[in-house]
1. For Phe119 and Ile98, what does the FRET efficiency come to when R0 = 41 Å and r is the distance between their Cβ atoms, rounded to the nearest 0.05?
2. Length gain on complete extension for the stretch Ile12 to Thr135, per 0.36 nm per residue less the alpha carbon to alpha carbon distance?
3. To the nearest 0.05, how large is the calculated FRET efficiency for Gln80 and Ile318 if R₀ is 30 Å and r is the Cβ-Cβ distance?
4. I'd like to know how the range 21-170 sits against the 2.2 N^0.38 Å rule of thumb: what's its Cα Rg over that expected value?
5. Report the gain in length on full extension from Ala189 to Gln34: 0.36 nm times residue separation, minus Cα-Cα distance, nm rounded to one decimal.
6. What does the extension gain come out to for Met293 and Ala24, with contour length at 0.36 nm per residue minus their alpha carbon separation?
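A short reminder: the numbers here are calculations on the coordinates, not readings from a lab. Since this is a predicted model, take the numbers as computed values, not measurements. Methodologically, a virtual Cβ is constructed for each residue, glycine included, from the backbone with ideal geometry; neighbour enumeration extends over all protein chains shown.
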Amino acid sequence: MPIISELAISIILTIAVAFIISFAATPIVKTFAQKVGAMDVPGEARRVHDHPIPRMGGLAIFLGFLLSVLLFADINPQIQGILLGCVIIVAVGAVDDIVSLNAWVKLAFQIIAAGVAVFSGVRIEVLVNPILWSTTDYLILGGFSIPLTILWIVGITNSVNLIDGLDGLAVGVSTISSLTMLVIALIVAPEDSNVALVLAALVGACIGFMPYNLNPAKIFMGDTGSLLLGYVLATMSVLGLFKFYAVVSFAVPLLAIAVPLFDTVFAFCRRLLKGQSPMHPDRGHFHHRLIDMGLSQKQAVAVLYSISAILGLAAVVITTSGEIKALILILGFCLCALLWAFVYGEMHKAANITKNSGDEDTSTAEPANEVENKPDESVIPDSLKNGENDNETR
């Protein structure tokens, strides 16, 4: 019990320090981004904002995460490799936020960062055998562990980057995924505090940035933040979930980060079937489809938050038993009910607003027989004629 209490205090302090640093650093990073020209300017169909917004907010998340880890975690060779990989990822993301690097250049640096972690000891070495009728319970990967781990890290790193399309979406989903892995770490292996402390630092840094990134966003995390979050989630899932919980089920790490992972898989398959490059950006992600269904940004983000939380609860359920499992299932059911009520209520409200505005437009429409009462355009000064459409061209 004293060990658990001491660990709980350390986790709370880790979250608090990361939150304070991230929250305090974000306005400074915003000013810096504006000075160096790291601005997200709308212009493509997949963009959902209508005015330039600073990006590179991931620097604030990185500062909060890094300093909190250095203060509270045990910096062993594996954590050193992960932190060095984070530096590489953040540097590449920051440059990309300013000058937009080629996608293959970013991929090359992601592979390098993944390699740094892998050769520091962060590897997937054992998996549960998915073939149920096999006599072998576990698969020892041997030499395949290195390429498989690099593929996993690079894939998850890009998956978080790909869902960063709505205000607060990527940082919120990453927070939920981090919390899921943190809870599982505390339930299954409380004696290994390092994994829990690093995840706690990520949770605190994300929460500190969130007030500035929720709709309407004051700053975007940019590739600096989305690649960092994906990289940390990927490497910590290898250190934690695959190390301790792959013997429970391979589904645990998949469920913990299911939303960004499956969105990426579907995006790659969709693009390949269309004959496009897997790196080609489009407007077919989950969040785009929710927007096209008529949901607002806040509604779409709330839906994906809830799905991520429900899948996270399912991952926790797999690793627990008895009363805790029943409690989590009840919590998941309540969350589903709240999600349905929220989306239905908001869509009903939006439908009523649209209907009322349509009725007002009909009642205030100008009758056809009054057209002759309009002023003759020939007497309107040329200066007003030239300026009457200025608002449409801004």
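1. Taking R0 as 41 Å, the efficiency between Phe119 and Ile98 is 0.85.
2. Here the answer is 39.9 nm.
3. The computed FRET efficiency comes out at 0.45.
4. Dividing the Cα radius of gyration by 2.2 N^0.38 Å gives 1.27.
5. In short, 51.4 nm is gained.
6. Result: 93.1 nm gained on full extension.
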